[in-house]
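Inspection log for the structure reproduced underneath, given as structure tokens.
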Amino acid sequence: MTHSAERGVAGATRHVLPNGMVALIQRNPSTPTVSVLGEARVGAVNEAAAQSGLAVLTGAALIRGAGERSFQQIVAETEERGCSVNAGGGLHSSSFGGKALVEDLPLMLSILADMLTCPTFPAHEVDKLRGQFLMSLRESEQETGTRAVRAARELLYPAAHPYSRLASGTLETVQGLGRDDLARFHMGYHPEGAIIAVVGDVEPAAVIEALELRFGPWAPPGPPPRLELPPVPPLSQVLRADIHMSGKVQSDLIWAVHGLARSDPDYYAAMMANLILGRLGMGGRLGENVRESQGMAYYCYSGLEADVGAGPWSAVAGVSPENVERASEAILHEVRRFAAEGPTAQELSDARDYRTGSLVLGLETNDGIAGTLLAIERFDLGLDFIDRYPAIIGAITSEQIVAVARRYLAADAYVLVAAGPPVA
């Protein structure tokens, strides 16, 4: 009998390896494939500002040679079996994963374990990868969106805070990174805090045995890296930056304040507020009024970054250069109006339906189930989280949303950044 996706997640097997790595296994007999998704709790938040981009480069280099296999051998072995493996670095964690037929799971786990625990970082491969990163950075630095985001983070956070910069780094910092830097940073990868989710037509007991074999010997000499985010002074005034970029035809506009951490009691109300303000449908109220009704933006939406720390809560718009001031006022007007009035009953109902529906839709694939299991473990939500979720969302009231909007969406102290061509 095939259990529903919701019950399946609640019935997932959770196993902790002796070295501290957490394994989550979910049997899904409806598919012949198996998906693996994992993360080590080390990322750009653990790198020095002068080496910004190191976590992302290290994560990308894991596949470039691991254990006894060269990059070319990894590619050849996986392509021959029709499976795939990948890895990458991010802001808070470094990810790894892959997809294969169930019978090829042992091969995939063998390669992933080598990538995670004993990458070789061949100098010539690191040089090629760094060159690709630099080319991508040169291109992104010519984009108004990238320049606006970078400037907004610099205004929102102190220079010592990792949230003040992009995880991708800069041309200057990435240019200085070499093979030894990656090897040193990789020493921070640790099984304690690491998670691996395996979803497919598998037997949990057999998967646990395979994981013990491949990942059990992982025992770094030192403790896991500690994360202590510096304090962030509250905004006390409007901080503005205008970045002039010749040759562009569009301006990117960002309005931002400090948000909240995922563990904050206000999180669910804030998540619903953000959905209604700038995500639902064609971009929530911001999209409806700034883009659709007033026609002042090519796009307009909001975003809430909530993880270990409080990331930005922002509104973003792409506008014609001559509309920067009017669009800024329109965004501010909608933020103020939302904080004053809160959502309508229909908006709140639509947001509840969207959140519960999208969560279920995300559980229709092995990858979606694995990602959900990872998030549940990362934030210590409990394997019954999916079953409890409709009640959590259903309990959020309009009054709670108004309160959280007034608490965080300040109309008198915020960051405003515009990047685009100068207006004559």
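What follows draws every value from the coordinates through simple rules; no lab data is involved. Nothing here was measured: the structure is a model prediction, and the numbers come from that model. Every residue, glycine as well, gets a Cβ built from its backbone with ideal geometry; the counts of neighbours run over all protein chains shown.
Brief remarks follow.
- For segment 3-81, the pair-distance distribution built from all alpha carbon pairs, in bins 5 Å wide starting at 0, is 3, 10, 13, 14, 16, 17, 15, 8, 2, 1, 0 percent.
- Coil-residue trypsin sites (Lys or Arg not before Pro) of segment 187-284, DSSP, other Cβ within 10 Å capped at 14: 226
- Ranked 52, 358, 398, 93, criterion: other C-beta atoms within 10 Å, fewest first: 358, 398, 52, 93
- In terms of its C-alpha gyration tensor, segment 131-187 comes out oblate, because a/c is 1.5 or above while a/b does not outweigh b/c.
- Segment 296-424, relative contact order [Cα under 8 Å, separation at least 6], %: 28 percent
- Dipole axis of segment 239-420 (+1 Lys, Arg; -1 Asp, Glu on Cβ), positive-most option in 299, 397, 331: 331
- Remark: segment 202-302 carries a charge dipole of roughly 360 debye about the Cα centre, counting +1 on each Lys and Arg Cβ and -1 on each Asp and Glu Cβ.
- Residues considered: 94, 263, 314. Largest GNM mean-square fluctuation over the chain, using C-alpha springs under 10 Å, is found at 263.
- Entry note, the chain: relative contact order of 22 percent, from Cα contacts under 8 Å with a spacing of 6+ residues.
- Radius 14 Å from Cβ of residue 279, net charge of other residues (Lys, Arg +1; Asp, Glu -1): -2
- Cα-based convex hull, segment 239-420, per residue volume (Å³, whole number): 130 Å³
- For segment 259-287 and segment 70-120, distance of Cα centres in Å: 35 Å
- Quotient of Cα Rg and 2.2 N^0.38 Å for segment 5-215, N being how many residues it contains: 1.09
- Within the chain, the ratio Rg/Rh, alpha carbon atoms throughout and Rh by Kirkwood, equals 0.99.
- Derived scalar couplings between HN and Hα for segment 254-264 equal 10, 10, 8, 9, 6, x, 8, 7, 4, 7, 5 Hz in order, rounded to whole Hz, by the Karplus curve 6.51 cos²θ - 1.76 cosθ + 1.60 (θ = phi - 60°), x for Gly and Pro.
- For the pair residue 423 and residue 326, label points projected 7 Å from Cα toward Cβ lie 0.9 nm apart.
- Mean-square fluctuations from a GNM of the chain, with a 10 angstrom spring cutoff on Cα atoms, peak among 74, 392, 276 at 392.
- Gaussian network model of the chain, Cα within-10 Å springs - most flexible of 223, 162, 191: 223
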